[in-house]
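The values are calculated or read from the model by the stated rules, or taken from the named source; none is laboratory data. It should be emphasised that the depicted structure is a prediction, and the values quoted were computed from it without experimental measurement. Here the Cβ positions follow ideal geometry from the backbone for every residue, glycine too, while neighbour counts run over all protein chains shown. For accessibility, only protein heavy atoms count, side chains too; no ligands or nucleic acids. Shrake-Rupley method; radii C 1.70, N 1.55, O 1.52, S 1.80 Å.
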Amino acid sequence: MSTTGAPAKALARGRARGTDRRSIATIGALVLYGAFAIAIFSPHSPWTSDYLSRGGIGDPAQMVWFLAYTPHALANGMNPFWTNLIDYPTGVNLADNTSVPLLGFLAWPVTATLGPVASFNILLRLGIFLSATSLFLVLHRWVASQLACFVGGLLYGFGPYIIGQSISNTHINLLFVPLFPLLLLVTDEVVARQRWSWRMTGLALGLLASAQMMIAPELLSDFGIVALVTVILLIIRYRDRVRSHLCYAAKAVSESVAIFLVLCGFQIWTMLYGRGHLRGAVYAVSHLQSFHNSFIETFLPTRQQLLTTSRLSDALRLPTRDLNELGGYLSIPFVIVLVLIAIFLWRRYLVAPLAIATLAAFTISMGSSIGIGSFNLSLPERLFTALPLLKSTVPDRFALFTFLGASAIFAIGIDDALARVDRSSSAARRVQRVAIAAVVAIVVLAMAPRLPIKEQRLIWPTTIGADIAAHVGHDAVVLTYPYPMPPLNQAMAWQAESHFSFRLLGGYATVPNPSGEGQEWPLTQQPSEVQSWLGRLELGHRSRFPRIAQPTDGTKLCAFVRGTGVTDIVIFHTGINTALAMRYLNQLPHRVTFRSEGLTISHLLDGQTGPLAHCI
């Protein structure tokens, strides 16, 4: 009997078993990531419509509106990058805002069935899960160990940056970052590896950049800056290899730019030249620059880490007290391990470029300067404040790319250490594996977030959008109290839940002020006293409107309503000044069309008797 085929069959069976084990490990990793992404927000379900970050005010309410608007615009043949459904009648250039059109499109089925609040909550969990999964899968190009890939994905997807953006004033656009590991992989292909067809590489780069542009242009710009700095330094270091790689890279990049302009050209044109576009930074540059990391934040745990104390957290004098912007923490153990990996594995493929990119991102995240005693040292990021297209840079958001690079370096280091263990004598393997496990456990534990992340029940009834839609005319112009402005912009979420059945005075969006720079509070409608008084009535000193005395008569209110075309008034019974607002607004001739314990809807009338009879 012939046995010549036996070794080949045995080898094939061994490869099949290895593939099966790898597939099982991959499925297990994805299941764990998914379970973690759901568990950190327990006990609330991923598709809940009753709970939302901050109870549905501030940035979460704004994002709910953005997620609902894209499907609405596409379904009704409207411009997805401009609208006057909010900030009526002036309108808003949505290309200058965090309008996430791609996420709104992807969540369309959920928005249509469960509502935009459910879309927000699903995308929140999905962003964390997909970000971890993306790096886990990408690392398989450079790393053989499944454990190393899993830990790398875990640190990226559940590290301080992404978890920080999930807390309180949640920023879906800044935490939905699964495309950056893919962009890292394609950038490696463009610059160094060059094994794919240049057409395939250019296509992948163009599509990924276009998709990211429709999620968060700010982060795409930040990635481009880090990539450019890294490539320039690599060219200087490896200039003898430039000629052999230049032709491929030039063709791939040219194709990707063409694809990007085709897919995103209208969005870019609207952002730069469209109606209501900004002519300066999205906000005061000094304010944007105040959000930066510090050495203290890098090495010592903040309030969002599991291993910290309230005394230590209170003692830290951080550059910002916003939990969302406390994303630069790396921990002392992690930094030490990263430095050792970079030193000992510098010549291993990708370690040097990743180390350079990580250091560049970290340096930029520190902001324009750093204080050392009485001495103030300027940093490279200061140059951004003088460049028109980079004035809107928020330094601490470069921490995302610090984590992306650091997580990949750490995974490569674990993989190398495990490979060395496999080559060592059997007597030493157990001790070495225990040592590696201990290092991994210490790093992961040092970075672990404080859980669970709390979500709050909506501060309004879940039926409020439907109630408004049922009792105001289609395309009505609605004045609401509280007057919609950050952070009391819950009326935007009501409008989204009503399927945009009405137009809204005020809102929370970036609009140009008279000098062309951005502001987040609504443009003033005349007479300004009405808007200023209503805006300050609930917010007090936090309002951006000037402080004025209560108007003594309804003449200016009448002029305000007539000038803006208000047809209906919606009063949400919240806060201490609701009764005062109702007395003021009830001067207008009106008919109450709906009243519940927490909501009053009135339709303004004409032809009535009284001092404001002919106001409407």
Legend entry - Whichever residue in the range 501-517 is open to solvent by 10 Å² or more (accessible area, probe 1.4 Å) and in a strand (DSSP E or B) and, among such residues, is farthest from Met78 (Cα to Cα): Pro512
Legend entry - All strands (runs of 3 or more DSSP E) inside the range 535-607 with 3 or more residues being of a type in the set (A, V, I, L, M) and either open to solvent by 70 Å² or more (accessible area, probe 1.4 Å) or in contact (Cβ under 8 Å) with a residue 12 or more places away in the chain (or both): 568-572, 599-604
Legend entry - Breaking point among (1) in contact (Cβ under 8 Å) with a residue 60 or more places away in the chain; (2) among the hydrophobic types (A, V, I, L, M, F, W, C); (3) touching a Lys or Arg at 6+ places or on another chain (Cβ under 8 Å); (4) in a loop (DSSP other than H, G, I, E, B), for Trp521: (1)
Inset, instruction - Within the range 250-286, work out how many residues are among the small types (Gly, Ala, Ser) and closer than 14 Å to Ala95 by Cβ. - result: 3
Inset, instruction - Please tell me if Ser498 is surrounded by fewer than 24 Cβ atoms within 10 Å (Cβ to Cβ), modelled with pLDDT of 85 or more, farther than 26 Å from Gly274 by Cβ and not hydrophobic (A, V, I, L, M, F, W, C). - result: yes
Inset, instruction - Taking Thr201 as the residue in question, decide whether it is open to solvent by 20 Å² or more (accessible area, probe 1.4 Å), part of a helix (DSSP H, G or I) and modelled with pLDDT of 95 or more. - result: no
Inset, instruction - Would you point out which residue out of Ile332, Ile370, Ile336 is open to solvent by 50 Å² or more (accessible area, probe 1.4 Å), in contact (Cβ under 8 Å) with a residue 60 or more places away in the chain and more than 30 Å from Tyr273 (Cβ to Cβ)? - result: Ile332
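Yes or no, residue by residue, for (1) over 30 Å from Thr230 (Cβ atoms); (2) open to solvent by 70 Å² or more (accessible area, probe 1.4 Å); (3) touching a residue at least 24 places away in the same chain (Cβ under 8 Å):
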| residue | (1), (2), (3) |
| --- | --- |
| Thr385 | no, no, yes |
| Leu404 | no, no, yes |
| Ser425 | yes, yes, no |
| Leu451 | yes, yes, yes |
| Trp460 | yes, no, yes |
Legend entry - Test: Pro482 is surrounded by fewer than 23 Cβ atoms within 10 Å (Cβ to Cβ) and either within 27 Å of Asn577 (Cα to Cα) or aliphatic (A, V, I, L, M) (or both): no
Legend entry - Candidates Ala428, Ala448 - the one that is of a type in the set (A, V, I, L, M) and more than 30 Å from Asn121 (Cβ to Cβ): Ala428
Inset, instruction - Please specify each residue of the range 205-214 satisfying the condition of being surrounded by 21 or more Cβ atoms within 10 Å (Cβ to Cβ) and out of contact with any Leu (no Cβ under 7 Å at 6 or more places or on another chain). - result: Leu205, Gly206
Inset, instruction - Answer yes or no as to whether Leu390 is surrounded by 14 or more Cβ atoms within 10 Å (Cβ to Cβ), at pLDDT below 95 and over 26 Å from Ile128 (Cβ atoms). - result: yes
Inset, instruction - Only residues that are open to solvent by 10 Å² or more (accessible area, probe 1.4 Å) and in a strand (DSSP E or B): list them for the range 55-87, please. - result: Trp82
Inset, instruction - Search the range 256-272 for residues being without any contact (Cβ under 8 Å) to a residue 60 or more places away in the chain and open to solvent by 50 Å² or more (accessible area, probe 1.4 Å), and hand back the single one that is farthest from the chain's Cα centre (by Cα). - result: Ala258
Legend entry - Count - residues of the range 112-158 that are open to solvent by 20 Å² or more (accessible area, probe 1.4 Å) and in a helix (DSSP H, G or I): 13
Legend entry - Only one of Val92, Val100 that is touching a Phe, Trp or Tyr at 6+ places or on another chain (Cβ under 9 Å), on the phi > 0 side of the Ramachandran plot and touching a residue at least 12 places away in the same chain (Cβ under 8 Å): Val100
Inset, instruction - Kindly establish whether Val443 is of a type in the set (Val, Ile, Thr) and out of contact with any Pro (no Cβ under 7 Å at 6 or more places or on another chain). - result: no
Inset, instruction - Answer yes if at least one residue in the range 161-169 is touching a Phe, Trp or Tyr at 6+ places or on another chain (Cβ under 6 Å) and over 22 Å from Ile259 (Cβ atoms), and no otherwise. - result: yes
